[in-house]
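Student: One structure is given below, represented as structure tokens, and several questions about it will come after.
The values are calculated or read from the model by the stated rules, or taken from the named source; none is laboratory data. Remember, it's a predicted structure, so these values are computed and weren't measured experimentally. Ideal geometry is used to build each Cβ from the backbone, glycine not excepted, and the neighbour counts take in all protein chains shown. Heads up: the accessible areas ignore ligands, DNA and RNA and are worked out on the full protein's heavy atoms, side chains in. Shrake-Rupley method; radii C 1.70, N 1.55, O 1.52, S 1.80 Å.
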Amino acid sequence: MAQTSTIPALHSLYKDYFDIGAAVNLTTIETQKAVLTTHYNSITAENDMKFERVHPSEEVYTFDAADQIADFAAANGMKLRGHTLVWHNQTPDWVFEGADREMLLARMKSHIETVVRRYKGIVYGWDVVNEVIEDKSGVWLRESKWLDLVCEDFIAKAFEYAHEADPNALLFYNDYNECNPEKRDKIIRLIQSLKDKNVPIHGIGLQGHWNLNGPSLEEIREAIERYAATGLKLQVTELDISVFDHEDKRTDLTQPTEEMLEKQAKRYEQVFQLFREYKDVITAVTFWGAADDYTWLNNFPVRGRKNWPFVFDQKHEPKASFWKIANWQK
Ligand code: GLA
């Protein structure tokens, strides 16, 4: 796929701002190798470091895929983010089976120790806890087996265990709908409560699964301001800009409309302008993929429907969105 020298490398353009990352899997490190190694200086395993992938049963760890991704990062001089240690999803049933508080904490500890130690000095930062805040109004924490069986201090414990396993790793809390004002404030309440207890937490991950219309720029700015006020560093961890609104279920398109591409370019221009403004607090912007040929949004929330959420197209060529975030000085 064409990556000609006239196309500037995205991560070089942003070298004085923040890292530019992409989520990858074993297929995309092959099929998107050129675009990944040219434009991105950091990667995250899309799925291959999740609990169910690396620890499918109590005595069995399967690090094959995760190791290949770590090797790809090392071979290409890229940074590696770890994703994710404690989550309500993609966690095997055995973890909770027959467990009381003490047993579940012991299992969590041994999982975190094993995974974090394996990638010590290789993974520079971990999404330690993913998505524990409830979306519904009026409820703070999401219901989960972790919460049921341990109580809310499972969150603090996860950070403590991760810090013990690798004192140099940067530890993040990561969530979506992070710019929604009510959810944002619940996330901040959690961060504040952890900080008050001196829990080792260093950053907040704003997933950034956005679309052409939302969240508004004002909401994004306000979220960045308030998260930054906690004193923690921020990363955008899973950025994609869907061409469909969440409620839009249309399935007729085989390619994005001109209007969608124009709106998307404008949106990327605006959000990256905002990110640059906050370069002192934002340390990385990671896309949840690298180019439009592969995105989890091809199946979500409408099964089988294609989406085009990135700044490189299906052939890995720069889209209008790319030029908007590449040419801001001009
Ligand atoms: C969440 C998780 C990611 C991924 C996406 C969907 O954002 O953090 O690991 O599963 O959902 O791809």
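Student: Just to confirm my filter: which helices (runs of 4 or more DSSP H) fall fully inside the range 49-128 and include at least 2 residues that are among the polar types (S, T, N, Q) and open to solvent by 10 Å² or more (accessible area, probe 1.4 Å)?
Tutor: On the way: elements: 51-54, 64-75, 101-118.
Output list reads 101-118.
Student: Can you say whether ALA291 is under 21 Å from the mean Cα position of the chain (by Cα) and surrounded by 14 or more Cβ atoms within 10 Å (Cβ to Cβ), as far as the supplied structure shows?
Tutor: For ALA291, the condition - under 21 Å from the mean Cα position of the chain (by Cα) and surrounded by 14 or more Cβ atoms within 10 Å (Cβ to Cβ) - is met.
Student: Filter the range 103-142 down to the residues that are away from the ligand (no atom under 16 Å from the Cβ) and either touching a residue at least 60 places away in the same chain (Cβ under 8 Å) or hydroxyl-bearing (Ser, Thr, Tyr) (or both) and list them by number.
Tutor: SER110, HIS111, THR114, TYR119, TYR124, SER137, listed by residue number.
Student: Here is a check on your reading of the model: is VAL236 in a strand (DSSP E or B) and open to solvent by less than 20 Å² (accessible area, probe 1.4 Å)?
Tutor: Judged against the criteria, VAL236 is a match.
Student: Do we find a residue being surrounded by 15 or more Cβ atoms within 10 Å (Cβ to Cβ), farther than 22 Å from TRP328 by Cα, modelled with pLDDT of 95 or more and touching a Ser or Thr at 6+ places or on another chain (Cβ under 6 Å) anywhere in the range 256-263?
Tutor: No, the conditions are met nowhere in the range 256-263.
Student: Of the residues ILE187, ILE220, which single one is more than 16 Å from the ligand (Cβ to nearest atom), open to solvent by less than 60 Å² (accessible area, probe 1.4 Å) and either under 26 Å from LYS120 (Cβ atoms) or in contact (Cβ under 8 Å) with a residue 40 or more places away in the chain (or both)?
Tutor: Residue meeting the stated conditions: ILE220.
Student: Kindly check whether there is at least one residue in the range 65-79 that is within 16 Å of the ligand (Cβ to nearest atom) and more than 25 Å from GLN314 (Cα to Cα). Talk me through it step by step, then tell me what you get.
Tutor: Here is the first cut: in the range 65-79, the ones within 16 Å of the ligand (Cβ to nearest atom) are 65-66, 69.
Pick out the ones that are also more than 25 Å from GLN314 (Cα to Cα) and you get 66.
Yes, that holds for at least one residue.
Student: Return the residue satisfying two criteria in turn: it lies in the range 295-324 and is surrounded by fewer than 19 Cβ atoms within 10 Å (Cβ to Cβ) and within 17 Å of the chain's Cα centre (by Cα), and of such residues it is modelled with the lowest pLDDT.
Tutor: Among residues in the range 295-324 that are surrounded by fewer than 19 Cβ atoms within 10 Å (Cβ to Cβ) and within 17 Å of the chain's Cα centre (by Cα), the one modelled with the lowest pLDDT is PHE300.
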